[in-house]
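Visitor: Dropping a structure here in structure tokens format, bear with me for questions.
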Amino acid sequence: MSQPLPVSKPPRHVAIIMDGNGRWATSRGLPRSAGHKAGIDALRRAVRAAADMGIEYLTIYSFSTENWSRPRTEVAFLLDLLKRFIRQDVAELHASGVRIRVIGDRENLDPSILSMLDEAERLTQGNTAFTLVVAFNYGSRQEIARAARRIAEQVEQGNLKSSEVTATILDRLLDTSGMPEPDLLIRTGGEERISNFLLWQCAYAEFVFVPEFWPDFNAEILARAVQTYAARERRFGGLKAQTA
Ligand code: IPE
Ligand code: IPE
Ligand code: MG
């Protein structure tokens, strides 16, 4: 397989739907949990590769609000894996200048997970080299509904007029407040859907769907997706850029 060429202007923010862990495991005659475990190594490779490529933000979909509908044992395994990842990797991420941010619903979560996530965010908040955004218990519709509720509260309290509600105001109330929008959304595992991920934020993202299962993800797959992205023309509703 030919090595993809480096891209001169990488996307600033890449978001990834890390899908296909279960199928990766099943195709090897292993339990689904083995796929999730192997997915952690893929995540480590992705962070390293993205930082090396000059990408500034990497957002990863680690657990959706809909994933609670999976069997209890699988849910418990995934939560435990997240805790282990935080415990094992935060010190090293911090040492490499990675800032960690967590997005998603914090209501009714296990306090032990919440405190670990809070601590990881607090410890790394001053880092500027690279931002890893962990979408945990994340659902985009719920995030937008939460922002709408806060707007309604401000209007009720008389701090905001309904005529002042704009996309900018709503954007600032999302969990992703202050971050640039994703330029490139990658989904592994071959499915071509968004599964309630960053619906608002991906309004003008470029989508790249790759067949490889998440545990097989590596720097080469990322580089190829970035090249596909770089070859596209983003128009944001305007016209093709004129060549003078
Ligand atoms: C992605 O892999 C991991 C999570 C959704 C947490 P899946 O577990 O969805 O794997 P497939 O799609 O069933 O193969
Ligand atoms: C999306 O994958 C969620 C994560 C990767 C965390 P799913 O496997 O849950 O999505 P669907 O069910 O195939 O849409
Ligand atoms: Mg899946």
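Visitor: Which one of Ser64, Ser162, Ser140 has the biggest mean-square fluctuation once the chain is modelled by GNM with Cα springs under 10 Å?
Guide: It is Ser162.
Visitor: Still on this structure, I have one more. Pull up the cross-link candidates among the lysines for Lys83, meaning alpha carbon to alpha carbon under 26 Å and not fewer than 8 places away within one chain.
Guide: Lys37
Visitor: Within the chain, which complete DSSP H helices have Cα atoms spanning at least 15 Å along the helix axis and a mean Kyte-Doolittle hydropathy of -0.5 or higher?
Guide: Span-like helices here: 32-52, 72-95, 111-124, 219-230.
Visitor: By how many nm would the segment from Leu30 to Arg150 grow when fully extended, if each residue of separation counts as 0.36 nm and the alpha-carbon distance is taken off?
Guide: Length gained, Leu30 through Arg150: 38.7 nm.
Visitor: Give me the 1.4 Å probe accessible area per residue for the chain, excluding ligands and nucleic acids, in Å².
Guide: 53 Å²
Visitor: Let me ask you something else. Based on the alpha-carbon gyration tensor of segment 28-73 and its eigenvalue square roots a ≥ b ≥ c, which shape applies: rounded if a/c is under 1.5, prolate if not and a/b is larger than b/c, or oblate?
Guide: Taking the square roots of the gyration eigenvalues as a ≥ b ≥ c, segment 28-73 is oblate.
Visitor: When Lys and Arg each count +1 and Asp and Glu each count -1, what net charge do the other residues less than 13 Å away from Gln227, Cβ to Cβ, add up to?
Guide: Net local charge, Gln227 excluded: +1.
Visitor: Need the full-extension length gain, Arg48 to Thr128, defined as separation in residues times 0.36 nm minus the C-alpha distance. One decimal, nm.
Guide: Once the chain is fully extended between Arg48 and Thr128, it gains 27.3 nm.
Visitor: Per the helix-only calculation at 222 nm, which mean residue ellipticity applies to the chain, given -39500 (n - 2.57) for every DSSP H run of n ≥ 4 and division by its residues, nearest 500 deg cm²/dmol?
Guide: After summing the helix terms and dividing by residue count, I get -13500 deg cm²/dmol.
Visitor: Also, I was wondering about something else. Excluding Glu56 itself, what net charge comes from residues whose Cβ is under 15 Å from its Cβ, given Lys and Arg +1 and Asp and Glu -1?
Guide: So the surrounding residues net to +2.
Visitor: Across 10 Å bins from the origin, how do the percents of Cα pairs in segment 106-225 run, short distances first?
Guide: Going out from 0 Å in 10 Å bins, segment 106-225 shows 10, 31, 36, 19, 4, 0 percent.
Visitor: Sticking with this one: Where the accessible area of segment 1-93 is counted over protein heavy atoms with a 1.4 Å probe, how much of it, in %, is carbon and sulfur?
Guide: On segment 1-93, the fraction of accessible area on carbon and sulfur atoms equals 54 percent.
Visitor: Where the centre of each part is set by its Cα atoms, how far does segment 92-112 sit from segment 125-162, in angstrom?
Guide: Value for the Cα centre distance between the two parts: 16 Å.
Visitor: Considering every pair of different Cα atoms, what Kirkwood radius, in Å, is found for segment 59-159?
Guide: 14.9 Å
Visitor: Here is a further query. What are the principal axis extents of the Cα atoms in segment 1-99, in Å, biggest first?
Guide: Principal axes ranked by extent give 44, 35, 23 Å for the Cα atoms.
Visitor: Kindly provide the chymotrypsin sites (Phe, Trp or Tyr not before Pro) of segment 114-215 that DSSP labels as loop, not H, G, I, E or B, and whose Cβ sees at most 16 other Cβ atoms within 10 Å.
Guide: Trp200, Tyr204
Visitor: Can I ask one more? Residues in segment 95-110, backbone N under 18 Å from the label point at Glu66 (7 Å along the Cα-to-beta-carbon vector): list them, ranges by number please.
Guide: Under cut-off, by backbone N: 104-105.
Visitor: Given a 1.4 Å probe and the protein chains all in place, what does the accessible area of Leu58 round to, in Å² to the nearest 10?
Guide: Counting only protein heavy atoms, Leu58 exposes about 0 Å² to solvent.
Visitor: How fast does the chain diffuse by Stokes-Einstein, in µm²/s, taking the Kirkwood radius from C-alpha pairs at 10 °C and 1.306 mPa s?
Guide: Translational diffusion coefficient: 83 µm²/s.
Visitor: Rounded, prolate or oblate: which one fits segment 48-100, using the alpha carbon gyration tensor with axes a ≥ b ≥ c (rounded when a/c is under 1.5, else prolate when a/b beats b/c, else oblate)?
Guide: In terms of gyration-tensor shape, oblate.
Visitor: With θ set to phi - 60°, apply the Karplus curve 6.51 cos²θ - 1.76 cosθ + 1.60 along segment 18-26 and write out the HN-Hα couplings as whole Hz, x wherever there is a Gly or Pro.
Guide: In residue order, the calculated couplings are 7, 10, x, 4, x, 5, 4, 5, 4 Hz.
Visitor: Return the distance in nm (one decimal) between the two label points of a simple spin-label model at Lys161 and Phe236, each offset 7 Å from Cα along Cα→Cβ.
Guide: That separation, rounded to one decimal, is 2.9 nm.
Visitor: What does the charge add up to near Arg45, with Lys and Arg as +1, Asp and Glu as -1, over the other residues with Cβ less than 15 Å from its Cβ?
Guide: -3
Visitor: At a Förster distance of 41 Å, what's the computed FRET efficiency of Ala219 paired with Glu119, Cβ-Cβ distance as r, to 0.05?
Guide: Computed FRET efficiency for Ala219 and Glu119 comes out at 0.90.
The values are calculated or read from the model by the stated rules, or taken from the named source; none is laboratory data. Owing to the predicted nature of the structure, the values given are computational and were not obtained by experimental measurement. Please note: Cβ atoms are built from the backbone with ideal geometry, for glycine as well, and neighbour counts cover all protein chains shown. Side chains are part of the model used for accessible areas, which takes the heavy atoms of the whole protein and leaves out ligands, DNA and RNA. Shrake-Rupley method; radii C 1.70, N 1.55, O 1.52, S 1.80 Å.
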